[in-house]
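Student: Shown below is the structure under consideration.
The values are calculated or read from the model by the stated rules, or taken from the named source; none is laboratory data. Model, not experiment: these values are computed from the prediction. In this analysis, Cβ positions are derived from the backbone assuming ideal geometry, glycine residues included, and neighbour counts consider all displayed protein chains.
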Amino acid sequence: MIQTGSTQASHVCRDVTKTKRLVRLLAHGSDDQVRTRIVLPDQPWASRIYTPELFGQTLGHVSVFTTNSGTCEGRIYMEGSDCIVGIAYEKVPGATFLEKRRSIVSMSPESIEGLCKDAGGFQAVLTASDNKAVIIPSGHIIISASQGSCYYRWGIASDTMDTGRVKCMLQNITDSFPEFKNPSYPVVAFADFLNDHIG
């Protein structure tokens, strides 16, 4: 089963105590750069862009999309593992995100591996047993095959080039997938904010 990215398995870490504990853990156990963010307005949508959330995928679930909110994404795996491949958006055949996604879905595993290698992409097996935080870059289409996983994920902002990639990805997402044009969805307001306030 291929999804556009929303598997209804995502749960924002709304328990303030748990979120504060996770943020403290990140603060003490990692470099400040894994928690950088753009200053956003005091709006409900804004709190969902960088706030850690618990996300789970079932065994055998495969998705071809990008990171949550199009940003760089930090992850700490609590259970299970995922095999991921990241290919720079512009290196995937197709004019739109939807066409690029269809291209990937029609490829054999060997063709995906070859495209990843030729495009300078990345491949990784992310697992709870590694006890590491990982950072997934923005601007990539991410192919994920889950062995059943549960992990915390959060958005990260980097430099102006990263912000440009985020703006591009959000535009491509909303152009290709009508469900992401719903104003109540955080990426719509985030894209509008970036277009209006960030050069």
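Student: Pick out the one residue from 164, 120, 114 that is part of a loop (DSSP other than H, G, I, E, B), more than 24 Å from residue 58 (Cβ to Cβ) and of a type outside the set (Ser, Thr, Tyr).
Tutor: Numbers: 164 fails: part of a loop (DSSP other than H, G, I, E, B); 114 fails: part of a loop (DSSP other than H, G, I, E, B).
Just a single option satisfies the conditions, and that option is 120.
Student: Among 177, 190, which is among the aromatic types (Phe, Trp, Tyr), under 19 Å from residue 63 (Cβ atoms) and touching a helix residue (DSSP H, G or I) at 6+ places or on another chain (Cβ under 8 Å)? Before the answer, list the steps.
Tutor: Details: 190 fails: under 19 Å from residue 63 (Cβ atoms).
Testing whether each residue is among the aromatic types (Phe, Trp, Tyr), under 19 Å from residue 63 (Cβ atoms) and touching a helix residue (DSSP H, G or I) at 6+ places or on another chain (Cβ under 8 Å) leaves just 177.
Student: Pairs needed: first member in the range 179-199, of a type in the set (Gly, Ala, Ser); second member anywhere, surrounded by 18 or more Cβ atoms within 10 Å (Cβ to Cβ) and not in a helix (DSSP H, G or I); C-beta distance under 8 Å; at least 6 residues apart or different chains.
Tutor: Cβ pairs passing all conditions: 189/45; 189/46.
Student: Sticking with this structure for a sec: Considering only residues that are under 18 Å from residue 137 (Cβ atoms) and of a type outside the set (Val, Ile, Thr), look in the range 97-111 and name the one that is surrounded by the fewest Cβ atoms within 10 Å (Cβ to Cβ).
Tutor: If we filter the range 97-111 for residues that are under 18 Å from residue 137 (Cβ atoms), which is where we start, we get 97, 100, 104.
Then drop every residue that is not of a type outside the set (Val, Ile, Thr), which leaves 97, 100.
Numbers: 97: 24, 100: 21.
It comes out as 100.
Student: Does residue 138 fit the bill of being among the hydroxyl-bearing types (Ser, Thr, Tyr), at pLDDT 90 or above, buried (at least 22 other Cβ atoms within 10 Å of the Cβ) and within 14 Å of the chain's Cα centre (by Cα)?
Tutor: Working: among the hydroxyl-bearing types (Ser, Thr, Tyr): yes; at pLDDT 90 or above: yes; buried (at least 22 other Cβ atoms within 10 Å of the Cβ): yes; within 14 Å of the chain's Cα centre (by Cα): yes.
So residue 138 fits the description; yes.
Student: Still on this structure: Tell me, which residue of the range 39-74 that is of a type in the set (Val, Ile, Thr) and part of a loop (DSSP other than H, G, I, E, B) is farthest from the chain's Cα centre (by Cα)? Steps first, answer last, please.
Tutor: Step one: list which residues in the range 39-74 are of a type in the set (Val, Ile, Thr), which gives 39, 49, 51, 58, 62, 64, 66-67, 71.
Next, only the ones that are part of a loop (DSSP other than H, G, I, E, B) stay: 39, 51, 66-67, 71.
On the way: 39: 19, 51: 13, 66: 5, 67: 1, 71: 6 Å.
Looking at the filtered set, the residue picked out is 39.
Student: Would you be able to tell me the number of residues in the range 76-91 that are over 17 Å from residue 108 (Cα atoms) and part of a strand (DSSP E or B)?
Tutor: Residues meeting the conditions: 8.
Student: Follow-up question, since we're still on this one. Can you pull out the residues in the range 139-174 that are in contact with a helix residue (DSSP H, G or I) (Cβ under 6 Å, 6 or more places away or on another chain) and free of Cβ contacts under 8 Å to residues at least 24 places away in the same chain?
Tutor: Selection gives 174 alone.
Student: Look through 148, 155, 94 and report the one residue that is assigned to a strand (DSSP E or B) and surrounded by 15 or more Cβ atoms within 10 Å (Cβ to Cβ). Explain how you work it out, then say what you get.
Tutor: Working: 148 fails: surrounded by 15 or more Cβ atoms within 10 Å (Cβ to Cβ); 94 fails: assigned to a strand (DSSP E or B).
That would be 155, the only listed residue that is assigned to a strand (DSSP E or B) and surrounded by 15 or more Cβ atoms within 10 Å (Cβ to Cβ).
Student: Scan 70, 60, 86, 114 and give me the residue that is small (Gly, Ala, Ser), under 30 Å from residue 198 (Cα atoms) and either surrounded by fewer than 18 Cβ atoms within 10 Å (Cβ to Cβ) or modelled with pLDDT of 95 or more (or both).
Tutor: Details: 70 fails: either surrounded by fewer than 18 Cβ atoms within 10 Å (Cβ to Cβ) or modelled with pLDDT of 95 or more (or both); 60 fails: under 30 Å from residue 198 (Cα atoms); 114 fails: under 30 Å from residue 198 (Cα atoms).
The match here is 86.
Student: So, in the range 177-188, exactly how many residues are surrounded by 17 or more Cβ atoms within 10 Å (Cβ to Cβ) and either under 17 Å from residue 64 (Cα atoms) or modelled with pLDDT of 90 or more (or both)?
Tutor: Going through the range 177-188 one residue at a time, the tally reaches 2.
Student: Then there is this: Only one of (1) of a type in the set (A, V, I, L, M, F, W, C); (2) exposed (fewer than 13 other Cβ atoms within 10 Å of the Cβ); (3) modelled with pLDDT of 85 or more fails for residue 39. Which number is that?
Tutor: Result: residue 39 fails condition (3) only.
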